[in-house]
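Values quoted throughout were computed directly from the atomic coordinates according to the rules given, and no laboratory measurement underlies them. None of these values were measured; they are calculated from a predicted model. As a convention, Cβ positions derive from the backbone with ideal geometry for all residues, glycine included, and neighbour counts pool all protein chains shown.
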Amino acid sequence: MKLRRDIFQAISDPTRRAILVLLTSQAMTAGAIAENFDAARPTISKHIQILNECDLVEANQQGREIYYQLKIEKMKEIDVWLEQFRKIWETRFDQLDTLLSTLKKNKQ
């Protein structure tokens, strides 16, 4: 039975988040990605495999090399989920601003 992974499992690991950041600027081979980490190449390959299974990166073969690139449309799913929290944070910050303004006026 194949384990089903989701994008939130993928981004829960700091190494995988770092790989995603690396891929924001350009497509890279597994070897080029691994050069940025102190982990063994097979460990980085496993992280790339998980990102690929979660559909956050795609692999494109160019000659003998496989280049990995970020799938921006899948990252949008994370943004949509985070949006609900963004609205809560904005409301709370607005309430804090109001409170601070009131305290400042009362102090004068």
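Here are some notes:
- Region 1-15, residues that are assigned to a helix (DSSP H, G or I) and either of a type in the set (A, V, I, L, M) or touching a residue at least 60 places away in the same chain (Cβ under 8 Å) (or both): Ile7, Phe8, Ala10, Ile11
- Within region 34-56, being assigned to a helix (DSSP H, G or I) and not polar (S, T, N, Q) holds for Ala34, Arg41, Pro42, Ile44, Lys46, His47, Ile48, Ile50, Leu51, Glu53.
- Pairs with Cβ under 7 Å, 6+ apart, first in region 16-27 and closer than 7 Å to Leu70 by Cα, second surrounded by fewer than 17 Cβ atoms within 10 Å (Cβ to Cβ): Leu23/Gln69
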